[in-house]
1. Could you tell me which numbered condition Pro153 fails, if it satisfies all but one of (1) in contact (Cβ under 8 Å) with a residue 60 or more places away in the chain; (2) in contact with a Pro (Cβ under 7 Å, 6 or more places away or on another chain)?
2. Report those helices (runs of 4 or more DSSP H) wholly inside the range 275-343 carrying at least 3 residues which are at pLDDT below 95 and closer than 21 Å to Leu253 by Cβ.
3. What is the number of the single condition among (1) surrounded by 17 or more Cβ atoms within 10 Å (Cβ to Cβ); (2) in contact with a Leu (Cβ under 7 Å, 6 or more places away or on another chain) that Val140 does not meet?
4. Do we find a residue being hydroxyl-bearing (Ser, Thr, Tyr) and touching a strand residue (DSSP E or B) at 6+ places or on another chain (Cβ under 9 Å) anywhere in the range 112-127?
5. Only one of (1) modelled with pLDDT of 95 or more; (2) closer than 16 Å to Ile333 by Cβ; (3) not small (Gly, Ala, Ser) fails for Met94. Which number is that?
6. Residues of the range 49-61 being in a helix (DSSP H, G or I) and not small (Gly, Ala, Ser), which ones?
7. Listed residues Glu199, Glu189, Glu209; which is charged (D, E, K, R) and within 25 Å of Val28 (Cβ to Cβ)?
8. In the range 160-172, what residues are in a loop (DSSP other than H, G, I, E, B) and buried (at least 18 other Cβ atoms within 10 Å of the Cβ)?
Amino acid sequence: MSLLGPSGSDFDLPALVRDARRLADQGVRLGTSSWKYPGWCGTLYDEQRYLHHGRFSTAKFERECLAEYASCLPTVGVDASYYTLPDPQRTARMFETALAVNPEFQFGFKVTDCITARHFPRLARHGPRAGRDNPDFLDVGLFRRGFLDVLEPWREHVGPLMFEFSTLHKRDFERGRDFLDALDGFLAELPAGWHYAVEVRNPSLLQPEYFDTLARHGVAHVFTSWHRMPPLAEQLRLSADSGAEPPFGCARLLLKPGRAYQQAVDAFAPYTELREPQAEVRAAATDWIRELLQRPGAVTSGGSTTGKRPRRAWIYVNNRLEGHAPGTLAALIKASHDARSDSSPAG
């Protein structure tokens, strides 16, 4: 039985691969959040590669699909690292697999919540820690030992390291200023030489003081499309209005504002096709990509730059935004290419 979704007939994989590489050559890398989705067979993946005795093998797919992914796209966001500190052997295999087919490939990582959670939510995966204070909150030593040391051999292939702070409540911090003070101290102690980014889930934090704190330490804000955050376009405007200059761009397009995670899963799984194009999210992302490419310092084809320092950005798309992350990527990349072509002088 084929896993090809209805969107497969008009999914132009060669064009996606070509144009994604062109953008990556200019410093803007687009990829997906995670990669182990059998529903992408027939679009991003070739189902025939994963047959065993004539039947689709989930085990074979999960072992081998990263190589095919890396042959198509320049980066991927690793969500699994949010739930547990990265295992050295598994991490090494992951990098070796991707780099064997694409020596320029980069991974973005969500930092494990044992470092970013002030209190552990009452979830079964936290075991006896559920509902308790986290003694390792913003522990730079643990982050260095448990996270950076594992990634160190692959540093040049590591994109953004994203600290996600789930919705903060009064029991976490009495005031937003208290969180910023803690964050400021933590960022000041981080080892240099990595691309750090912060993702928050409290709209009230998106003030000039927040963006200033990040910029002071060379840390980026993760622009998100998420159900309880302001729209992507508004976050981009707030950042620009703050006057703080981010060191690079980072975005995660996760959910339609107003739609909860489980609602999206119920609506879109198993993620075989685009179901609900989000025009506002696409327009904001396309405009931002075009603006990134026009900034002084953008990386040009061949590796040269047009300014004092290269402009870099990583943008990750989730299945739960529109139903099929590769399809969303293809639409964004095509729209970005069309917008740039339309703005080019006639010649």
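1. Only one criterion is unmet by Pro153, namely (2).
2. Details: elements: 279-294, 319-322, 325-343.
Qualifying helices (runs of 4 or more DSSP H): 279-294, 325-343.
3. (1)
4. Taking the range 112-127 and keeping what is hydroxyl-bearing (Ser, Thr, Tyr), we get 112, 116.
Within this subset, residues satisfying the condition of being touching a strand residue (DSSP E or B) at 6+ places or on another chain (Cβ under 9 Å) are 116.
Yes, the range 112-127 has at least one match.
5. Failing condition for Met94: (2).
6. Arg49, Tyr50, Thr58, Lys60, Phe61
7. Details: Glu189 fails: within 25 Å of Val28 (Cβ to Cβ); Glu209 fails: within 25 Å of Val28 (Cβ to Cβ).
That would be Glu199, the only listed residue that is charged (D, E, K, R) and within 25 Å of Val28 (Cβ to Cβ).
8. First, the residues of the range 160-172 that are in a loop (DSSP other than H, G, I, E, B): 166-172.
Answer for the range 160-172, where residues must be in a loop (DSSP other than H, G, I, E, B) and buried (at least 18 other Cβ atoms within 10 Å of the Cβ): Leu168, Asp172.
The values are calculated or read from the model by the stated rules, or taken from the named source; none is laboratory data. Quick caveat, the model's predicted, so the values are computed rather than measured. Don't worry about glycine lacking a Cβ; one is built from the backbone with ideal geometry, like all the others, and counts go over all protein chains shown.
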